[in-house]
1. Would you mind listing the helices (runs of 4 or more DSSP H) fully within the stretch 196-305 where at least 1 residues are closer than 24 Å to residue 337 by Cβ and touching a residue at least 60 places away in the same chain (Cβ under 8 Å)?
2. Somewhere in the stretch 169-180, is a residue assigned to a strand (DSSP E or B) and either in contact with a Ser or Thr (Cβ under 7 Å, 6 or more places away or on another chain) or under 19 Å from residue 227 (Cα atoms) (or both)?
3. Within the set of pairs 6 or more residues apart or between chains, which connect a residue that is modelled with pLDDT of 95 or more and surrounded by fewer than 20 Cβ atoms within 10 Å (Cβ to Cβ) inside the stretch 147-173 to a residue that is part of a loop (DSSP other than H, G, I, E, B) and charged (D, E, K, R) with Cβ atoms less than 6 Å apart?
4. Check 329, 338 and return the single one that is surrounded by 13 or more Cβ atoms within 10 Å (Cβ to Cβ) and either without any contact (Cβ under 8 Å) to a residue 60 or more places away in the chain or under 14 Å from residue 294 (Cα atoms) (or both).
5. Working carefully through the options 59, 96, 75, find the one that is in contact (Cβ under 8 Å) with a residue 60 or more places away in the chain, within 18 Å of residue 127 (Cβ to Cβ) and small (Gly, Ala, Ser).
6. Which residues, counting only those in the stretch 84-130, are assigned to a loop (DSSP other than H, G, I, E, B), under 18 Å from residue 206 (Cα atoms) and in contact with a strand residue (DSSP E or B) (Cβ under 8 Å, 6 or more places away or on another chain)?
7. Please go through the stretch 310-335 and pick out each residue that is part of a helix (DSSP H, G or I) and under 16 Å from residue 358 (Cβ atoms).
8. Let me confirm something: among 287, 260, which residue is farther than 13 Å from residue 190 by Cα and among the β-branched types (Val, Ile, Thr)?
Amino acid sequence: MKTLTLAATLSLLALSGCSLGDEPSKPPQLGTRSGDEDAVAKLGFPSTATKNTIRVGGGDAATDAAGVASAVFPGTSDSARPTAVVLVDKDDWQAGVTASVLAARPIGAPLLISDGDELSSVTKDTLGRLKPKGSDLSKDAQVIRIGDKPARPGGFKTAVIEGRDPFERAAAIDRFFSAAKGKPSADVVVASGERAEFAMPAAAWAARSGDSVLLTRRSSLPAPTIKALKEHKRPNIFILGPKTVISPKVERELGKLGKVNRIQGTTPVENAIAFARYERGGFGWGVVVPGYNLTLAGTSRPLDAAASAALATKGVFAPLLLTDEAAELPRALEAYLLSIQPGFEDDPGQAVYNRVWILGDDKQVSVPAQARLDQITELVPVQPNAP
């Protein structure tokens, strides 16, 4: 499992604009000396990182996305730069979920967030530092805009994936990525285009696997989604969400287009856990034992799904888990993490480890909740043959 050095962790959090606790104006700083005023606050621990957690502590999703992009693509050499960057609009969470497939091979583009026709400082600075090389799979475009709302950054060659609504844009992203790969994916996730909190976990899987994500309404399957699925020629269709979010009627319609399986949990937190656990025929994370990276985001910030995409690639490969309360961990989430807590009998050096990447500031996941995450993710001694 990959780990970050102290310097890399602090650099990442400085880029992400972390502001937690009693020092909201001072991000973690490198080079803090023992005699510096507020040295402890400048270091940023335990909010920036603990032994088993790393926080990308942005006050909004755009900052989180920039922080993640900087962690995955340091930009310090040609090989540490992406071929392209995807831009999604701050009001288009559906694009954040469906365009996450563009973070998968062969394009491998991290997602950044645009503030309408302008770029926020953090997005602009990150894009300028990454200097994407241009992807021959997208006619040498360095920036791929999803829809016509994201900005057109000057000095970069851009491409646009268009669509009149989120359903059309999802289908257009699917066609674009299928062309880049040379064929449509054999597996497709169908998620809600209306309930962000149930669709969010699809983003990380799309980035990890290259499986497209298409969208549906609760009670009717949109025409662009039907057309896109026909182009996949009877794929394995994985519905993400319970029947209250994607109805049995839609499930029956999907059954005419491919083989359908449903992944579901009653709440968004339980739904994300169900997806993290799920595995069937090579599809799914199958995280039911220790030894994984995991990402945690709050349901109140849907575009953190876009930030999670790059963390599902490039050696991290983390499924996205969710919390619906900042102060403490939901019971279902705590129980799941305890069920995969790593342990060792004799030599901890031979054990596997878990690590949790937290997206957002303490309004998404509090520092006490982070400490509890660290505790239940810790490698612990176990007694063999204990009753």
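1. Answer list for the stretch 196-305: 196-199, 201-209, 268-277.
2. no
3. 157/140; 158/152
4. Within the list 329, 338, the selection yields 329.
5. Working: 59 fails: within 18 Å of residue 127 (Cβ to Cβ); 75 fails: in contact (Cβ under 8 Å) with a residue 60 or more places away in the chain.
Just one listed residue meets the conditions, 96.
6. Let us first name the residues in the stretch 84-130 that are assigned to a loop (DSSP other than H, G, I, E, B), namely 84, 90-92, 104-110, 116-117, 119-120.
Right, trim to under 18 Å from residue 206 (Cα atoms) and you get 84, 92, 104-110.
Matches in the stretch 84-130: 84, 92, 107, 109, 110.
7. Applying the first criterion (part of a helix (DSSP H, G or I)) to the stretch 310-335 yields 310, 331-335.
Those that are part of a helix (DSSP H, G or I) and under 16 Å from residue 358 (Cβ atoms): 310, 333, 334.
8. Details: 260 fails: farther than 13 Å from residue 190 by Cα.
So the residue among 287, 260 that is farther than 13 Å from residue 190 by Cα and among the β-branched types (Val, Ile, Thr) is 287.
The values are calculated or read from the model by the stated rules, or taken from the named source; none is laboratory data. Everything quoted here is computed from the prediction, not taken from an experiment. Don't worry about glycine lacking a Cβ; one is built from the backbone with ideal geometry, like all the others, and counts go over all protein chains shown.
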